[in-house]
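As structure tokens, the structure follows; a few thoughts come after it.
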Amino acid sequence: MTDALSGTAPPWSLIAEVTHACPLRCPYCSNPLDLTRRSRELETAEWVRVMQEAADLGVVHAHLSGGEPLLRPDLAAITAAATRAGLYTQLVTSGVGLTEEQLKQLAGAGLRSVQLSVQDSTPGASDRIAGRRGSFATKERAAAAVRAVGLFLCLDVVLHRENLDSLGDIVELGLAWGVDKLELAHVQFYGWALANRQALLPSREQVARARKEFEQWRARLAGQLELVWVVPDYFEGVPKPCMGGWGVASLTVTPDGTVLPCPAASALPGLDPSNVKDHSLAWIWEHSPAFNAYRGTAWMSEPCRSCPQREQDFGGCRCQAFALAGDAARTDPACRWSPDHHLVRALTEAASKPLPDGDRTGWTPRTPGRNRR
Ligand code: SF4
Ligand code: FES
């Protein structure tokens with residue numbers, strides 16, 4: 001057992017980034033640019049301990065994520081450890097290489113659900129965004145395997161400039177693949193997505209069309225397919241309550257054991273996050289400077305400090321405040337009340353105008369082997 005918490009409510013979920021290795025090269029990946037090399041990944045016994053400590057801390061839901069978790073040969077052992085600890089486990093996967101045999105092994109280890117990504121509605125478009133020929137076909141087989149084994153299947157599609165106009169076809173793909181849930185998540189600009197923002201940020205008109213179409217599909221498929229729309233916060237003037245609040249609901253353990261309040265927080269300077277090799281998850285959750293940096297509301301300045309929304313949206317996203325305004329303690333510039341909101345408006349206005357050379361598609365694919373720690 002880990003130390004009991006003295007005052008901080010426990011987290012609900014653990015994001016276990018078991019590896020940063022991945023067979024795909026999506027330009028919207030939220031992994032950091034300095035990917036952790038495989039030789040620095042936690043060993044099996046360390047992940048087993050992390051799962052038990054997470055359960056002792058009060059975590060209910062473990063997301064086995066990455067990179068591509070299937071590239072860990074010990075994934076079934078990690079899953080079994082999470083199950084033994086009493087955690088609900090979800091595999092977050094590209095589906096590349098996922099076989100029915102492997103799924104049966106994971107289900108035997110207690111895996112409960114699969115979140116499968118696809119990049120677009122057709123093989124050509126999806127493979128182009130994923131940066132891997134044939135990946136759409138392997139995803140289709142993976143979806144069939146999940147259905148055959150009887151696990152819950154959520155199809156996850158990151159929406160951006162290149163695929164937003166295919167929204168209707170993407171919904172039909174979800175129906176054809178027999179998924180239980182379809183999550184349509186507008187790209188969030190962290191990591192590789194931030195580096196590729198010009199190519200990925202849709203126009204305001206695209207977002208408005210897609211939203212209308214989504215509402216029609218949601219009404220039409222009510223009771224048949226769970227449809228989730230993750231809002232494009234650059235366009236709403238309303239910040240997202242990122243991660244359900246800093247140090248409120250979730251913790252992320254990166255491949256080398258660093259524990260972060262969100263998957264993108266490694267980009268924040270001066271955060272000095274702790275590692276599971278040095279401290280228990282309970283100590284890190286309650287006492288580490290990184291988790292306490294933006295917990296609660298005392299760190300806020302105006303306009304958040306006196307805003308009636310501050311307990312609902314927690315001032316938005318710290319990583320976005322840093323990425324756009326250079327200071328993680330400022331109001332999220334996505335908020336219409338932020339003194340930095342003009343930065344977001346300038347980006348969305350630029351995305352609605354043609355570029356002089358007409359080219360927005362020059363993105364940098366997520367590149368294994370580059371910038372790795
Ligand atoms: Fe949220 Fe701060 Fe904007 Fe108020 S001012 S809505 S608390 S981000
Ligand atoms: Fe880090 Fe929002 S992504 S706080």
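Each reported figure results from applying straightforward, stated rules to the coordinates on display, with no laboratory input. Treat the numbers as computed from the prediction; the structure is a model and nothing was measured. Note that each Cβ is placed from the backbone with ideal geometry, even for glycine, and that neighbours are counted across all protein chains shown.
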Worksheet item: Cα atoms only, segment 1-89: Rg and Dmax in Å?
Response: 14.0, 43
Worksheet item: What net charge is computed for the residues neighbouring Trp217, neighbours being all others with C-beta under 15 Å from the C-beta of Trp217, Lys and Arg scored +1, Asp and Glu -1?
Response: -1
Discussion item. Rounded to the nearest 5, what % of DSSP beta bridges with both residues in the chain are antiparallel?
Written reply: 10
Discussion item. For segment 198-271, place one equal point scatterer on every Cα, skip the solvent, and apply the Debye formula. What is log10 of I(q)/I(0) at q = 0.12, 0.15, 0.22, 0.27 Å⁻¹?
Written reply: -0.56, -0.79, -1.03, -1.18
Item to complete: Only Lys, Arg, Asp and Glu count, each charged at its Cβ (+1, +1, -1, -1), so figure out the dipole size of segment 1-117 about its Cα centre, rounded to 20 debye.
Response: 200
Worksheet item: So what does the Cα-only Debye profile of segment 220-373 read at q = 0.11, 0.19 Å⁻¹, as log10 I(q)/I(0), no solvent term?
Response: -0.56, -1.18
Worksheet item: In a shell of Cβ-Cβ distance under 11 Å around Thr79, excluding Thr79 itself, what net charge do Lys and Arg (+1) and Asp and Glu (-1) give?
Response: +2
Worksheet, complete the sentence: Rounded to the nearest whole number, the per residue volume of the convex hull around the C-alpha atoms of segment 55-138 in Å³ is 95
Fill in: Computed over segment 226-360: relative contact order in percent, which uses C-alpha pairs under 8 Å that are six or more apart
24
Practice prompt. Report the percentage of all Cα-Cα pairs in segment 35-181 whose separation exceeds 25 Å, rounded to a whole percent.
Written response: 32
Discussion item. Over 36 Å apart: what share of the alpha carbon pairs of the chain falls there, rounded to a whole percent?
Written reply: 20
Response to the item:
Between Lys104 and Asp169, the FRET efficiency computed from the C-beta separation at R0 = 30 Å comes out, to the nearest 0.05, as 0.45
Worksheet entry | Residue order, fewest to most beta carbons within 10 Å, for Phe152, Phe189, Phe214, Phe235 | Phe152, Phe214, Phe235, Phe189
Worksheet entry | Met300, Met243 arranged by Cβ crowding within 10 Å, fewest neighbours leading | Met300, Met243
Discussion item. Can you sort Asp233, Asp256, Asp278 from fewest to most other Cβ atoms within 10 Å of each residue's own Cβ?
Written reply: Asp278, Asp256, Asp233
Worksheet entry | the chain: relative contact order in percent, alpha carbon pairs under 8 Å with at least 6 residues between | 21
Fill in: Relative packing of peptides 111-121, 36-46 - highest average C-beta neighbours within 10 Å first
111-121, 36-46
Fill in: Relative intensity, log₁₀ I(q)/I(0), of segment 97-153 from a Debye sum that treats every alpha carbon as a point, q = 0.18 Å⁻¹
-0.60
Response to the item:
Links exceeding 24 Å between C-alpha atoms in this model, out of Lys181/Lys212; Lys104/Lys181; Lys104/Lys277; Lys240/Lys353, come to Lys104/Lys277; Lys240/Lys353
Practice prompt. With only Lys, Arg, Asp and Glu charged, each at its Cβ (+1 for the first two, -1 for the last two), find how big the charge dipole of the chain is about the Cα centre; round to the nearest 20 debye.
Written response: 500
Response to the item:
Once Lys and Arg are counted +1 and Asp and Glu -1 for all other residues with Cβ under 11 Å from that of Lys181, the total becomes -4
